[in-house]
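Worksheet: the structure to be examined is printed underneath.
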Amino acid sequence: MKPPVEQALKEIERVVGAEHLLTDTATLSRYSVNMLATADILPAAVVRPASTAELQQVLKIANTCKTPVWTLSGGQNRGYGMACAATPGTLIIDLKRMNRILEVNVELAYALVEPGVTFAQLYRYLRDNDIPLWMDVPSGSPEGSCLGNITERGAGYTPLGEKFLFSCGMEVVLADGQVLRTGTGTLPNSQTWQVFKWGYGPSLDGLFTQSNFGIVTKAGFWLMPRPPAYEPLAVTMDDPEAVYKAVEILRPLKLNMVIPNGACVTHVRKALGLTACWGEGKNILPRVGRRFDYPAETLKALKERYALGEWNFAGALYGLPETVRAYRGIVENAFRSALPGCRFLSAEEQAASPYWRAREKAMRGEPLWEFDMSDWEGKAGALWISPVAPVTNEAVEQQIRIAEETYAKYGFHYAAELILGTGRDLHHIIWLLFDRSDAEERRRAELCEREMYDRYCEVGYLPYRTGLSTGDYLMRKLGPFRDICHDLKQLFDPNNILSPGKSGIDLANRS
Ligand code: ADP
């Protein structure tokens, strides 16, 4: 450990107490693990502040001693880096102890949360207090952070799936320990902090997402009234080309808000990968390697067993019983006339499959309790490559072709899901699964990931998020934007202490 780091740790220990500054080998090794193609990355220490005031003091010390820190809230961040910093020797600031649900406003349908509040915790709170509000959840982990998902601009499966869009008002601690409130929170006695997003003057919230300009310590998380009627839709399609038609069918249904949620069209390999994480699917599917290279016969049998097609659409209807009934008819007509071979699953068929059961839960905001990838950690590699596409069949066809060609070149199997946002955009979340214990395969995964970025960017598709090892690679494709991000970094954090390397922003590496 370098002397300034040692000095900083001594002072930080006085702020948080010895039990919340961890340097033992087992802890450091836990925070070094990720599932990416990069190696594990060992931190210098882990600090667990209990409050904004403690965090302010920690940052003041780190800033004075020029000690680099890395922020995490839930530390789950599956597919993008987990609880691991981008560079070794960092002081990890784990915000899990700051886990208060500060307010749930039932009338106005929002919560104000600290970083350590998990999806499971907020869900339990709403359920146990019989609050008639639903929340949005991602597929990653129930132990992920609501606020962390806002700062990463994560996508979910309810009508509130675009997490950052449906967040409102932040409290942020800057590198020198100053506290900033965004939106209307700039007015000390604001009555509208969690209800009106824009405030007055420049809107700053976006600066604190996917960046390293500050640490967010509170955020407004919008909720939705529990609807009188809810109907999950499950449609299987056997034709490999059906996905292109499905996109065309879904665009008007999404644009007109007939289907209001983060609806998704999922390839069978990804659906089976998810099945392997849930309930009885865990015991049945082959787990070794997890490269999805099932023989054709096995794939056919698994499709039948779990009521899956080559492509699988999951969306939901919300509202009054009569509007849900009417909308169901509209959706069914649209699918049946364009894709006569598709199959709408009954409620019983959905309930019999772990995949469809999990989808049904996610679309009404129940965290996926059984989504357990714990035995993947350190053994199997899993990373997500996530280009965004416009909702057109040509764009989706082009994106899938690029993925299939690149994966075939590197010996991997395409497995993906398309999450439709507003009806204009979709997140194409492509899994890359590989054996992390095999150095050659890991190298191939790394080359494959980078080539995917190259090819998508070449034809104008930017990923919505990257893993911690590819931030710089992607940022370098973005010309003047990269320079401006570094100018902002210089302004907010001239000592470059906050999460250096996050999204490729690092003053030590700006040339
Ligand atoms: P998850 O919610 O999946 O558990 P993490 O807590 O690991 O996610 O956070 C994912 C990433 O988001 C981190 O690597 C960090 O860059 C960023 N992040 C998390 N919490 C904050 C925060 N409170 N302020 C700023 N950035 C954050």
Charge tally for neighbours of D493 with beta carbon under 15 Å away, counting Lys, Arg as +1 and Asp, Glu as -1, is +2
Checked region 18-173 with the C-alpha gyration tensor, a ≥ b ≥ c its square-rooted eigenvalues, rounded below a/c of 1.5, otherwise prolate if a/b is larger than b/c and oblate if not; verdict prolate
Summed over the other residues with a beta carbon less than 12 angstrom from that of G185, with K and R at +1 and D and E at -1, the charge totals +1
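Stretched out fully, how many nm does the piece from A408 to E394 gain, at 0.36 nm a residue minus the Cα gap?
Working it through step by step, the gained length comes to 2.9 nm.
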In units of 2.2 N^0.38 Å, the Cα radius of gyration of the chain is 0.96
For the chain the mean separation of alpha carbon contacts under 8 Å (6+ apart) over residue count, i.e. relative contact order in percent, is 18
Quick calc, region 1-51, dipole around Cα centre from Cβ unit charges on Lys, Arg (+) and Asp, Glu (-), nearest 20 debye, gives 80
Within region 120-178, DSSP-loop GluC sites (Glu not before Pro) with at most 16 other C-beta atoms within 10 Å are E143
By the C-alpha gyration tensor axes a ≥ b ≥ c (rounded if a/c is under 1.5, else prolate when a/b exceeds b/c, else oblate), the shape of region 313-370 is oblate
Those chymotrypsin sites (Phe, Trp or Tyr not before Pro) from region 129-223 that are DSSP loop and have at most 16 other Cβ neighbours within 10 Å turn out to be F196, W198, Y200
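Ignoring ligands, DNA and RNA, please state the percent of accessible area on the chain from carbon and sulfur, probe 1.4 Å.
On the way: 10710 of 20190 Å².
Whole-percent figure for carbon plus sulfur exposure: 53.
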The FRET efficiency for S51 and S337, from their Cβ-Cβ distance with R0 = 56 Å and rounded to 0.05, is 0.45
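Classify region 414-511 from the C-alpha gyration tensor, please: rounded if a/c falls under 1.5, else prolate or oblate depending on whether a/b exceeds b/c.
Note, shape of region 414-511 comes out oblate.
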Across all Cα atoms of region 53-139, Rg and the largest Cα-Cα distance (Dmax), in Å, are 16.1, 48
For T64 and R443, extending 7 Å from Cα along the Cα-Cβ vector and measuring point to point gives, in nm, a value of 4.8
Rounded to the nearest 10 degrees, the helix 119-128 long axis (Cα) sits at an angle to the longest Cα principal axis of the chain of 70
For L22 the rounded accessible area (nearest 10 Å², probe 1.4 Å, non-protein molecules ignored) is 40
accessible surface per residue for the chain, probe 1.4 Å, DNA/RNA/ligands not counted, whole Å² -> 40
In nanometres, the difference between 0.36 nm per residue of separation and the alpha-carbon distance of D487 and K300 is 61.9 nm
Here, D24 and L255, labelled 7 Å along Cα→Cβ, have an inter-label distance in nm of 5.9
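Would you mind calculating the gained length between D128 and R476 on full extension (0.36 nm times residue separation, minus the Cα-Cα distance), in nm to one decimal?
Stretched fully, the D128-R476 segment lengthens by 120.5 nm.
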In region 393-499, the trypsin sites (Lys or Arg not before Pro) that sit in a DSSP loop and have at most 16 other Cβ atoms within 10 Å of their own Cβ are R424, R476, K477
About its Cα centre, the chain carries a charge dipole, from +1 on Lys and Arg Cβ atoms and -1 on Asp and Glu Cβ atoms, whose size in debye to the nearest 20 is 340
Stokes-Einstein, Kirkwood over Cα pairs, region 110-193, 20 °C, 1.002 mPa s; D in µm²/s equals 154
Here FRET efficiency (C-beta to C-beta, E458 to L320, R₀ 35 Å, nearest 0.05) is 0.15
Taking Cα atoms, the helix 393-410 axis meets the longest principal axis of the chain at an angle in degrees (rounded to 10) of 70
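The values are calculated or read from the model by the stated rules, or taken from the named source; none is laboratory data. If you're wondering where the values come from, they're calculated on a predicted model, not measured in any experiment. When we count neighbours, we look across all protein chains shown, and the Cβ atoms used for this are built from the backbone with ideal geometry, even at glycine. Surface areas here come from the heavy atoms of the whole protein model, side chains and all, with no ligands, DNA or RNA. Shrake-Rupley method; radii C 1.70, N 1.55, O 1.52, S 1.80 Å.
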